[in-house]
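A.B. asks: Okay, handing you the structure first.
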Amino acid sequence: MKRSRLARSNSRRHAPLALILSSVGAILFLNLPFLVVILYSLTTDERTYSFPLPGITLKWFGEAMTRAQLWDSVWLSMRVALGATVVAIILGTLAAMAVNNSRFFGRETVSFLVVLPIALPGIVTGIALRSAISLMDIPFSFWTIVIGHATFCIVTVYNNVIARLRRTSGSLIEASMDLGANTFQTFRYVVLPNIITALLAGGMLSFALSFDEIIVTTFTAGHQETLPIWILTQLTRPRERPLTNVVAVLVVVIMAIPILLANRLTQEGAGTSTPGE
Amino acid sequence: MPSSSTPAIRFTNVSRHFGEVKAVDEISLDILDGEFFTLLGPSGSGKTTCLRMLAGFDQPTTGSILLHGRDVTGLPPYERDVNTVFQDYALFPHMSVGENVAYGLMIRQVPKAEREKRVEEVLELVRLPGFARRRPSQLSGGQRQRVALARALINNPRVLLLDEPLGALDFKLRQQMQIELKAIQKRVGITFVFVTHDQEEALTMSDRIAVFDHGQIEQVGTPAELYEHPATAFVAGFVGVSNLVNGPVAQAITGSPTMFSIRPEKIHLTDPSAPMPEDSYCVEGHVREVIYLGMYTRYLVELKGGGELTVMEQNLHTTSMDVLAAQGRTVRLTWRHDHVRLIPEKAR
Amino acid sequence: MATDSLAPARRSNFSRLATFLYQHPRVALALLLGPPLLWLGVVYLGALLTLVAQSFFHLDAYSGKIVRELTLATYADLLSQAENYRIVIRTAGMAAAVTLGAVVIAFPLAYFMTRYASPRLRALLYLAVLLPLWSNYLVRVFAWKIILAKEGIFGWFINLLHLGWALDALLKIPLIGGPSLANSMIGMFLVFLYVWLPYMILPVQAALERLPRSLLEASGDLGAKPYQTFRYVILPLVFPGVVAGSIFTFSLTLGDFIIPEAFGTSEFFIGRAVYVYQGTSGNLPLAAAFTLIPIVIMGIYLYLAKRLGAFEAL
């Protein structure tokens, strides 16, 4: 009798129906709304969100290609994301290496500090940066946006790199030095090749994070309009609704690429760093 | 064993403290050029810490380390003419076998053609010819170990350090590698400093052994010296198996309460009525337990006056039946006077 | 071969610097840690400090300029208006509701993923949760503007099921109703739930995954029925994961100003109030003071969460 009870708790095939239904429901709840966005990018109705759709057209996709203001926003968002990512990669990697290599007082504080910009509500970070910038009478510009973004992007690179560093055996660094390589050479030939995929994964997540960001951006931008800011104006004062949908679809689809790539890169690096048996 | 006037390695009053803990406590040691020297001891005895200080991964708290007369205390690993074979091999996973082995040469900017030639030579030496293109993940444990060895040897270090390199290998492979390592050392002629906790391994391979316990060296000597003339109770018990007798039991046998050590194979098991051999100690007891081990038998004998001795006898003429019948029998144990080793009280 | 010994590596300047850093690990640490710490310290902590400082300044009502003198006038302003208390309670209430809703929906899915899904299915489900999480927040909010529009999908569906009367009744309920679904607390609740759900799923799933199978087997072996195992073994051990997830859902709802603006009635939430104060009113000190409220709330929440062991679950 004991055996059959054990067998039941081990069984993978007999999930209760209620559980399956609620799981399916949750997944649908999470993913259907985006399908709605895709649907409405094809509608001919430009003033309401009526369902069923009065007609299907691809003209909005063409429309999106020609809007200069839109592409200016895209270009600005890209430049911001690039700047923020470069800073995040440098600072995140330095911090990860420092925390991993040394046993110093306050290691946890560093981890906490790195996470804080993303852990506190966006509005806090936004208002804080805004008050600092205005206190120092600095004009709001491209650079203020980049500084804001870089600050909360550091954590994505930091987390990825430190996770990889923890999985790398410390004896690899000792072996490299033992064979004649100094600290810089060891970093170049042994450490960097082992963390490069984690670094890139973090960088890509950072890029996506910055590109999509709206809350802190509204507080740190001057008259600049990043793509999310453009979408926000459409949200509150909608005019050509399908156009916004087209942009939305494009943004999600294009940003999915670095995210999926980052996911792949973090899987790949695992499992090759433990020599010996 | 070649030896020159300058020792290859000299530790002078080296200590390594970790806060309150004295991992290494005032060690002084000379290792001669070209010898196969083993640091032997249980876990935590300080032998690995000494090796790491030699390599440069750890710095002594006090004392100095000289390599061929040059003070290397404080020098980073890459400025010492010493190479290490790591316990977990530490092969670079993102490089091929050939690139791993050539790493030291690449750092010193040896031209590519010469690198490749020397890689092939050293791979031949460790009996892995043609393995240069493979990747570490494709190799077995024994093969990885040999690559680690090749990677270290290719740089022609004057001293090679080996940190329990055979620990992860299975029994037969270990024995084979012990012989191979010894042969390579003889061929290449450089000083090997080998760390292990396995006393049999140490006895097999070493020219000389330093026995470590709690951060100090108990004794330094050749395998024979350590086995036949152990200086302390620890060495007697750690290197090989031994009987240690002291107090009133010792008094009854030798006439003095000083601790002595007698190896189990040096004791003879005889009938109480047999004639007494000359120049021997004897004591009577009964066989408490017989353990048949194929090649030899171990007897646990409870002595008449108290105490217990372990006796080991080869089964040259006896079968298991004969041997097991000895259980419970009253016997006399005898051994020669000159096989007894007195262990003086440790002066602390 | 034994006597052919290579000379030590060339002493280049780099090498000398490397040796110096090796022999002085504290200097090396300072060089590594310096830049990031400096940035975070100056930019971020500095900004937070100016936020606090701003809250002690005061907006001069006549000149419209911020007077940079330390005063408690702004706080007095803040704490004296009853409306502000209502705003905080409203926001906190919504945050709590969203958190509870998230737990209810996340738990079955996480449980299914851990206990019943094959490794491949689990990876797929993981992706199905991760992708929305990383998708553009605005797009996700925008999607619900479409769905909840009176003439939109949801409305069409309700009418199809002839449940229009139920929806109307729901919207008439005083506290949570509103003029339409797209402008009501209920609508806001749905959107918040949708947007933050992955943040609850992930920690709960991680906590469930860390639960050793052998514990459940032991429980069964000792005679517990499945629901007893759930109540006495699974639930307590997964609770820290739930708390960890709740940190996100609560905090994110507390500070959000876009969803209340897009789906709200005219009633303010904290985020909206802050945005309006610093925007149209130019009253940065008041906005700063108001921002301190969610910080304090989250501080207390985090402290309680730490006591409940949520930080090991993250």
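A.B. asks: Return the residues of segment A:154-180 that are crowded, with 24+ Cβ neighbours inside 10 Å and of a type in the set (S, T, N, Q); say none if nothing qualifies.
C.D. replies: Within segment A:154-180, A:THR156, A:ASN160, A:SER176 meet the criteria.
A.B. asks: Could you grab me the full set of residues in segment B:151-165 that are part of a loop (DSSP other than H, G, I, E, B) and either among the aromatic types (Phe, Trp, Tyr) or over 18 Å from the mean Cα position of the chain (by Cα) (or both)?
C.D. replies: Within segment B:151-165, B:ILE154, B:ASN155, B:ASN156, B:PRO157, B:ARG158 meet the criteria.
A.B. asks: Still on this structure: For segment B:72-106, name all the residues that are facing chain A (nearest Cβ under 8 Å), surrounded by fewer than 20 Cβ atoms within 10 Å (Cβ to Cβ) and either closer than 27 Å to B:ILE9 by Cβ or of a type in the set (S, T, N, Q) (or both).
C.D. replies: Within segment B:72-106, just B:GLN87 meets the criteria.
A.B. asks: I need a count of the residues in segment B:315-348 that are assigned to a loop (DSSP other than H, G, I, E, B), of a type in the set (A, V, I, L, M) and closer than 28 Å to B:ALA224 by Cβ.
C.D. replies: Qualifying residue count for the region: 4.
A.B. asks: Would you be able to say whether some residue in segment C:180-188 is surrounded by fewer than 21 Cβ atoms within 10 Å (Cβ to Cβ), at pLDDT below 85 and within 30 Å of A:THR48 (Cα to Cα)?
C.D. replies: yes
A.B. asks: Of everything in segment C:38-69, what is touching a residue at least 12 places away in the same chain (Cβ under 8 Å), surrounded by fewer than 18 Cβ atoms within 10 Å (Cβ to Cβ) and not hydrophobic (A, V, I, L, M, F, W, C)? Give them in sequence order.
C.D. replies: C:GLY64, C:GLU69
A.B. asks: Checking the condition closer than 16 Å to B:HIS214 by Cα, part of a strand (DSSP E or B), among the small types (Gly, Ala, Ser) and assigned by TED's automatic domain parsing to the domain that holds B:LEU128, which residue from B:SER15, B:SER45 passes?
C.D. replies: B:SER15
A.B. asks: OK, next. Of the numbered conditions (1) within 8 Å of another protein chain (Cβ to nearest Cβ); (2) not in a loop (DSSP other than H, G, I, E, B), C:GLU151 satisfies every one except a single condition; which is it?
C.D. replies: (2)
A.B. asks: Something else now. Only one of (1) free of Cβ contacts under 8 Å to residues at least 40 places away in the same chain; (2) surrounded by 13 or more Cβ atoms within 10 Å (Cβ to Cβ); (3) more than 26 Å from the chain's Cα centre (by Cα) is not met by C:TYR75, so which one is it?
C.D. replies: Only one criterion is unmet by C:TYR75, namely (1).
A.B. asks: Are any residues in segment C:38-56 among the hydrophobic types (A, V, I, L, M, F, W, C) and more than 7 Å from chain A (Cβ to nearest Cβ), and if so, which ones?
C.D. replies: Passing the criteria: C:LEU38, C:VAL42, C:LEU45, C:LEU49, C:VAL52, C:ALA53, C:PHE56.
A.B. asks: Based on what the data block shows, is C:LEU121 surrounded by fewer than 18 Cβ atoms within 10 Å (Cβ to Cβ), out of contact with any Lys or Arg (no Cβ under 6 Å at 6 or more places or on another chain) and within 30 Å of A:PRO258 (Cα to Cα)?
C.D. replies: Yes, satisfied.
A.B. asks: Take segment A:172-189 and flag every residue that is without any contact (Cβ under 8 Å) to a residue 60 or more places away in the chain and either closer than 23 Å to A:THR266 by Cβ or under 27 Å from the mean Cα position of the chain (by Cα) (or both).
C.D. replies: A:ILE173, A:PHE187, A:ARG188, A:TYR189 - these are the residues of segment A:172-189 that are without any contact (Cβ under 8 Å) to a residue 60 or more places away in the chain and either closer than 23 Å to A:THR266 by Cβ or under 27 Å from the mean Cα position of the chain (by Cα) (or both).
A.B. asks: Does C:ARG86 fit the bill of being of a type in the set (D, E, K, R), farther than 22 Å from C:GLY279 by Cβ, in the same structural domain as C:TYR199 (by TED's automatic domain parsing) and part of a helix (DSSP H, G or I)?
C.D. replies: When the stated conditions are applied, C:ARG86 does not pass them.
A.B. asks: Hey, among A:THR151, A:THR183, A:THR217, A:THR226, which residue is of a type outside the set (Asp, Glu), within 7 Å of another protein chain (Cβ to nearest Cβ) and buried (at least 24 other Cβ atoms within 10 Å of the Cβ)?
C.D. replies: Testing whether each residue is of a type outside the set (Asp, Glu), within 7 Å of another protein chain (Cβ to nearest Cβ) and buried (at least 24 other Cβ atoms within 10 Å of the Cβ) leaves just A:THR151.
A.B. asks: Could you please let me know if C:ALA28 is among the small types (Gly, Ala, Ser), in a helix (DSSP H, G or I), touching a residue at least 40 places away in the same chain (Cβ under 8 Å) and buried (at least 16 other Cβ atoms within 10 Å of the Cβ)?
C.D. replies: no
A.B. asks: Evaluate the following for A:GLY126: is it at pLDDT 85 or above, more than 8 Å from chain C (Cβ to nearest Cβ) and either out of contact with any Pro (no Cβ under 8 Å at 6 or more places or on another chain) or crowded, with 18+ Cβ neighbours inside 10 Å (or both)?
C.D. replies: yes
A.B. asks: Is it true that some residue in segment B:131-146 is assigned by TED's automatic domain parsing to the domain that holds B:VAL195, over 30 Å from B:VAL21 (Cβ atoms) and without any contact (Cβ under 8 Å) to a residue 12 or more places away in the chain?
C.D. replies: Checked against the condition, which is being assigned by TED's automatic domain parsing to the domain that holds B:VAL195, over 30 Å from B:VAL21 (Cβ atoms) and without any contact (Cβ under 8 Å) to a residue 12 or more places away in the chain, segment B:131-146 yields at least one hit.
A.B. asks: I need the full set of residues from segment C:260-303 which are in contact (Cβ under 8 Å) with a residue 24 or more places away in the chain, under 18 Å from the mean Cα position of the chain (by Cα) and surrounded by fewer than 24 Cβ atoms within 10 Å (Cβ to Cβ), in order please.
C.D. replies: Scanning segment C:260-303 gives C:LEU292, C:ILE293, C:ILE297, C:MET298, C:TYR301, C:LEU302.
A.B. asks: Identify, please: which residue in segment A:190-214 is in contact (Cβ under 8 Å) with a residue 40 or more places away in the chain, more than 10 Å from chain C (Cβ to nearest Cβ) and of a type outside the set (A, V, I, L, M, F, W, C) and is, among those, nearest to A:GLY148 (Cα to Cα)?
C.D. replies: Looking at the filtered set, the residue picked out is A:SER210.
A.B. asks: Exactly one of (1) farther than 30 Å from A:VAL155 by Cβ; (2) modelled with pLDDT of 85 or more; (3) within 11 Å of another protein chain (Cβ to nearest Cβ) is unmet by C:MET1. Its number?
C.D. replies: (2)
A.B. asks: Can you name the number of the only condition in (1) surrounded by 22 or more Cβ atoms within 10 Å (Cβ to Cβ); (2) of a type in the set (Ser, Thr, Tyr); (3) within 13 Å of chain A (Cβ to nearest Cβ) that B:THR38 fails?
C.D. replies: (3)
A.B. asks: From the residues in segment A:191-225 that are hydroxyl-bearing (Ser, Thr, Tyr) and under 30 Å from A:ASN101 (Cβ atoms), which one is modelled with the lowest pLDDT?
C.D. replies: That would be A:THR197.
A.B. asks: Quick check on my filter: what residues within segment C:223-256 are within 13 Å of chain A (Cβ to nearest Cβ), in contact with a Gly (Cβ under 9 Å, 6 or more places away or on another chain) and either surrounded by fewer than 24 Cβ atoms within 10 Å (Cβ to Cβ) or charged (D, E, K, R) (or both)?
C.D. replies: C:PRO226, C:THR229, C:LEU252, C:ASP256
A.B. asks: In segment A:261-277, how many are at pLDDT below 85, within 22 Å of A:ASN160 (Cα to Cα) and either within 12 Å of the chain's Cα centre (by Cα) or in a loop (DSSP other than H, G, I, E, B) (or both)?
C.D. replies: 8
A.B. asks: When you scan segment C:121-138, how many residues do you find that are in a helix (DSSP H, G or I), facing chain A (nearest Cβ under 7 Å) and among the hydroxyl-bearing types (Ser, Thr, Tyr)?
C.D. replies: Selection size over segment C:121-138: 1.
A.B. asks: In the list B:ALA210, B:ALA168, B:ALA183, B:ALA148, which residue meets the criterion of being surrounded by fewer than 19 Cβ atoms within 10 Å (Cβ to Cβ) and either at pLDDT 95 or above or assigned to a helix (DSSP H, G or I) (or both)?
C.D. replies: On inspection, the qualifying residue turns out to be B:ALA183.
The values are calculated or read from the model by the stated rules, or taken from the named source; none is laboratory data. Owing to the predicted nature of the structure, the values given are computational and were not obtained by experimental measurement. Cβ: placed from backbone, ideal geometry, glycine included. Neighbour counts: every protein chain shown.
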